[in-house]
Every structure is written in C-alpha cells, then in structure tokens.
2 protein chains.
Amino acid sequence: MTEIELIRRIARRAKGRAASEGLIRGIGDDCAIVRPRAGEDVLLTTDFVIEGTHFLKSAEAASVGQRALGRGLSDIAAMGGTPRWCLVSLAMPKSTPAKWVDGFYTGLLDMARAHRVALAGGDVARSAKITCDIVVAGTAPKGKALRRDTARAGDRIYVSGELGRPWDLPPEPRLKLGRYLVGRTTAAMDLSDGLSLDLHRLCLESGLAASIFFPLPVWPGVTLDRALHGGEDYELLFTAKASTPLPTQYGGVPLTWIGTMARGRPGAVTFMGRNLAPRGWDHFA
Amino acid sequence: MTEIELIRRIARRAKGRAASEGLIRGIGDDCAIVRPRAGEDVLLTTDFVIEGTHFLKSAEAASVGQRALGRGLSDIAAMGGTPRWCLVSLAMPKSTPAKWVDGFYTGLLDMARAHRVALAGGDVARSAKITCDIVVAGTAPKGKALRRDTARAGDRIYVSGELGRPWDLPPEPRLKLGRYLVGRTTAAMDLSDGLSLDLHRLCLESGLAASIFFPLPVWPGVTLDRALHGGEDYELLFTAKASTPLPTQYGGVPLTWIGTMARGRPGAVTFMGRNLAPRGWDHFA
C-alpha cells in the first residue's frame, strides 16, 4: 500500500462516521480547516502513545487506538470543553500488518463517533516502533475553560470515580462531568499519571500545598499504593470552594471530597498528615 | 531531570520568546487555550520528524528543531494562513544528552520567534529513537484558506522559488507569499515530497490531470531528476486562472509558470508530453 492509498483508505473510513460540524476541510490537504463558533475558545492537546513505552507489541490494535484518542479526550474533559476534531499521526515499521492498522483505526474511529469527534487530518511515516501522536481540538465558552493554576487556599479537593482503574479497561473520558463542573470548580485536571504526582502538579501550578485524607475512593481489590501512585485513571481531580454545593455523584460517577488546598510550599502534598512523595508515572525519573 | 523539571525548563525558554497574542493558557495545563479572532478559521497541521526516517542521529539538534517547525509552518503557508501557536511532542531515549534537547528547542524556538508563533504545549515521553511530532495551529480569514481540491481545468500551474533545494539549508516557509496568493489562486499546496508526487496529489484532490513543461526553475547544479522527484523544497505549488495577472517574483521569490491543469484521468501528470510517474518521497512505497 502506498502512502496515498493508506491516506485515502483512512479518509474513506473517517467519512460519515463522525460529526463534521465546523469541519470545513478534513483529510487530504496541507492543513485541516475548522471553524469554532463565535464566542468559543479553542482547546488544543497532543499525546503520544508509543509501543514499548505506553503499550506492548502484544496489545490489541483497537485498544491502542481507543487509548490514543481517550488520552486526548480526557484532556479536553479536564478543561470542561467539548472535543470536536482530532488529527492522528501514526508511524510504524514496514512489517506492521494491514490488519493492525485497520484495527487501530477501528478502535479510534468508533470512539470518535461515540463522542462526535471528526478525524480531520494527521501524518503517516515509517519508524522502528509503532508511534502514535494524537491531537484533539475542542471548544469551550470564551474564558470559561477549567485550568490547573486557579485553585485557592481553603478549596476542597475532589476526585471523580474510583482510583486504581484496571489498565485493560477502555478509557471513559469524563466529558459530561467536565462540562458540568464549569462554573462550579476553581481548578481541574485529569488523573493520568497517578494522584500523588498529578495533585503535586496542580499544587505547583496554583502555587499552593494540599492535604488529603483517608478513605480514598478506590477500585475493589486495589492497593492503597496503586490508588495513590498508579496512572491512567482518566478521572477528574478538581477543587471547589467549601461553600459550593456539589452532589455526591453526577451521571452515576461518584464525586468524593478527598482533601483541602492550603498555603504552604508549592507542590507539597500530605496524606493523613504525612508527606506524600509524587511517585506517579514520570517518563524521565 | 524529571518530567516536571524538563517541562518547566521548556516553559521558561518558551516564555517571552514568542508573541502570545491569543494564547490564553500555554504550557502547564491539560490543554492549551487559544483564541482566534472573530471571523477567522483555524488551520491545524501535524508532522512527524523521526530519527532514522527524517534525519540521521548525527544531525545537528538545532536543525532538527528548525525542520520540525518548518514543516508545519510550510503547511500553514500553503493554506495562505498565519501561524499562531505550536505544540511540540518529543519522545527520546534515556541516553539523549541534555545538550541535544537544548539545541533542539533553541532551533525550534528561534524559528518560532522569527515567525511570531507561541509554543503553547506538547508532550514528552521515552522512545527508542528520537521522535518529534509538531502541531502548528494558524488562522485564515473565514472561508479564504487555500486548498488543494479547488483547481479548475485550464488553470495555469506555478511554483515558487527553485526546485531541488539542498537538504542542509534550513526551511524558509513561504508565509508571506501564501497570504499574498489568497484571492489570486484557485488552489495551492506546499512542495514537501517532490513535484511529481505533490502535483499528482493536487490533481487527485481536484479531480483533474496536468501537463508541465520545460524549463523548470531549478537550483544551480541540480539534476532534472532531483528537481522533479526530490523532496523538502518547502516551495508553494499553486494554480491560477490564465486571466489572473501574477508577477514573475514576489518578495524576491521567483514565481514560475510551469504548466496547465486539464480534464483527464485524475492524477495523471505529463512532462514535455510524456507520462510523469509520481516518484517523489513515499514512506510506504
């Protein structure tokens, strides 16, 4: 298959599958042309999914595609936005079976359709290991997107769902919850590298410390260590004023108060009164 | 260096270097938040630059960074747009020297500053080979972006500059020329994989054939084969009505009439009356 044939094949599969509102020009040009509505900000995120780093060669192709898009969708959810368009860059060895490529796009496009996201472009190339980089572009009402750097001392800290999600489950990005939280939270991010590291990051960005307490909401059978430091939860971590009423669940997803933001050394997190080291997933540690 | 330290280092270097107009939130969050002006479409492009595929391990780090951004800027130029923001995903082996990473970002950020493009985000990860995927987002007046699928039979075909650019020269994306061509051309794309393959693509997208003729504008000392099939020219290939007056140069860059679009088998290109096979760079051929 030549590059042109591969791209035409992807373009055919992308068509009619996903909402194309605001997609003026998709696959086949130098750039995708997209059109946000008046009064909308644009959210941009990009995430790698690399063989040997993020998944094993033995992983099912469709699950790799799902996971690639899921990472980006979760980033949009964390901003309280709506995902609209995606671009997929896929590099792979010559030996990659056509069936693998088909499975990858099936997983990715099924998830895209479920979330009304249009595949708008990308790149293809050769590489020694299968390497995907996904771009998701979304929208949020002007000035309303949730951020990590806006938590205030005294805010309550919450997480959605349960920590320690099994890695073989497909991601379920918390998009509806993210949009619900707009106007109700002071800061938000998604849990991708483990609570201890991600809360440390939120604290650093907001210039604050945090304390969290027991019990944390965890998947059945999961160790506390995994709940604190495991990655790929795809849940939302967010802060809200103590005076903001929040339900204990939204759309069937539990919302649990787990701690409080405080003045102190930026990034310092305690758990049950003891220092909690940011031991989550760090590519460079 | 941990991932947080690396990202902070990149964020520090990105700050104050590039125009930040319309950049509401940059590095440090789940997504970048950008704000196009009213009446603007958004252009999105993503391109890989991979060790062993696009560059050799011995390549100078700054030139790899320049080339990564240059590829994306050239895509924006081809649409007649203005590049505004970029996201850089960089995966690399543990053994990559900090000096290489610094050099890469120096090359990339110097070029970004020269074009008033803000580094707004990205991703970092481990990989076996250095792998960069760059996203450039730009803007164009609503409905005015240049496309590949809008050439008409009878249109003249032009190229900017000279074909067969030496690969060791840094890319000079034709941004000013691209914007000048808005309203003057019927279709446009950039020359990244060689004239024969790229013109074939433009013809396929527009559902037309094309004929090109001698002499082509070529770099001194370059073979005709290289001029026809060599890649990475970073010049613009565009079509215009015969009745549209175009200068023979714009901003010091020659504009040369090289052929004519015609009805016929979509994608068929002739050179001096003979069939010209699309022999340019194809990752999957």
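The values are calculated or read from the model by the stated rules, or taken from the named source; none is laboratory data. Please read all numbers here as calculations on a predicted model, not as lab measurements. A quick note on method: Cβ atoms are made from the backbone with ideal geometry, for glycine too, and the neighbour counts reach across all protein chains shown.
Annotation note: of A:140, A:153, A:145, the sole residue that is of a type in the set (Gly, Ala, Ser) and either part of a helix (DSSP H, G or I) or more than 11 Å from every other protein chain (Cβ to nearest Cβ) (or both) is A:153.
Taken together, the residues in segment A:179-209 that are of a type in the set (Lys, Arg), more than 11 Å from chain B (Cβ to nearest Cβ) and closer than 19 Å to residue A:225 by Cα amount to 0.
Listed by first and then second residue, the pairs linking a residue in segment A:106-125 that is in contact (Cβ under 8 Å) with a residue 60 or more places away in the chain to a residue that is hydroxyl-bearing (Ser, Thr, Tyr) and outside any loop (DSSP other than H, G, I, E, B), with Cβ atoms under 8 Å apart and 6 or more places separating them unless they lie on different chains, are A:121/B:45; A:121/B:46; A:122/A:89; A:122/B:46; A:124/A:89.
Could you tell me whether any residue of segment A:17-26 is assigned to a strand (DSSP E or B), within 10 Å of chain B (Cβ to nearest Cβ) and among the basic types (Lys, Arg)? Lay out the reasoning, then the answer.
Going residue by residue through segment A:17-26, those that are assigned to a strand (DSSP E or B) are A:23-25.
Those still in the list that are within 10 Å of chain B (Cβ to nearest Cβ) too: A:24-25.
From what's left, among the basic types (Lys, Arg): A:25.
Looking through segment A:17-26, at least one residue is assigned to a strand (DSSP E or B), within 10 Å of chain B (Cβ to nearest Cβ) and among the basic types (Lys, Arg).
The sole residue among A:156, A:148 that is of a type in the set (Lys, Arg) and within 30 Å of residue B:90 (Cα to Cα) is A:148. From B:170, B:215, which residue is in a loop (DSSP other than H, G, I, E, B), more than 14 Å from chain A (Cβ to nearest Cβ), more than 30 Å from residue A:35 (Cα to Cα) and touching a helix residue (DSSP H, G or I) at 6+ places or on another chain (Cβ under 7 Å)? Going through B:170, B:215 in turn, just one is in a loop (DSSP other than H, G, I, E, B), more than 14 Å from chain A (Cβ to nearest Cβ), more than 30 Å from residue A:35 (Cα to Cα) and touching a helix residue (DSSP H, G or I) at 6+ places or on another chain (Cβ under 7 Å): B:170. For segment B:90-104, the tally of residues that are in a helix (DSSP H, G or I) and either under 24 Å from residue A:135 (Cβ atoms) or more than 27 Å from the chain's Cα centre (by Cα) (or both) stands at 3.
Which residues, taken from segment A:27-57, are more than 10 Å from chain B (Cβ to nearest Cβ) and within 29 Å of residue A:127 (Cα to Cα)? Listed by number, the residues that qualify are A:27, A:55, A:56, A:57.
So is residue B:174 closer than 21 Å to residue B:115 by Cβ, in contact with an Asp or Glu (Cβ under 8 Å, 6 or more places away or on another chain) and surrounded by fewer than 24 Cβ atoms within 10 Å (Cβ to Cβ) or not?
Details: closer than 21 Å to residue B:115 by Cβ: yes; in contact with an Asp or Glu (Cβ under 8 Å, 6 or more places away or on another chain): yes; surrounded by fewer than 24 Cβ atoms within 10 Å (Cβ to Cβ): no.
For residue B:174, the condition - closer than 21 Å to residue B:115 by Cβ, in contact with an Asp or Glu (Cβ under 8 Å, 6 or more places away or on another chain) and surrounded by fewer than 24 Cβ atoms within 10 Å (Cβ to Cβ) - is not met.
Of all residues assigned to segment A:120-137, none qualifies as being closer than 22 Å to residue A:251 by Cα, among the hydroxyl-bearing types (Ser, Thr, Tyr), in a strand (DSSP E or B) and in contact with a Lys or Arg (Cβ under 9 Å, 6 or more places away or on another chain).
Within segment B:48-58, is even one residue of a type outside the set (A, V, I, L, M, F, W, C), under 18 Å from residue A:32 (Cα atoms) and surrounded by 19 or more Cβ atoms within 10 Å (Cβ to Cβ)?
no
For residues that are out of contact with any His (no Cβ under 7 Å at 6 or more places or on another chain) and closer than 18 Å to residue B:53 by Cβ, scanning just segment B:122-137, find the one that is farthest from the other protein chains (Cβ to nearest Cβ). Across segment B:122-137, the extreme among qualifying residues is B:130.
Name the single residue that is nearest to the chain's Cα centre (by Cα) among those in segment A:46-78 being acidic (Asp, Glu), over 18 Å from residue A:110 (Cβ atoms) and outside any helix (DSSP H, G or I). Out of the qualifying residues, it is A:47. For segment A:102-133, filtering for residues that are surrounded by 24 or more Cβ atoms within 10 Å (Cβ to Cβ) and among the aromatic types (Phe, Trp, Tyr) leaves 1. For segment A:23-39, taking the residues that are among the small types (Gly, Ala, Ser) and under 22 Å from residue B:200 (Cβ atoms), the one that is modelled with the highest pLDDT is identified as A:32. Looking across segment B:40-91, just one residue is at pLDDT below 95 and on the phi > 0 side of the Ramachandran plot, and that is B:52.
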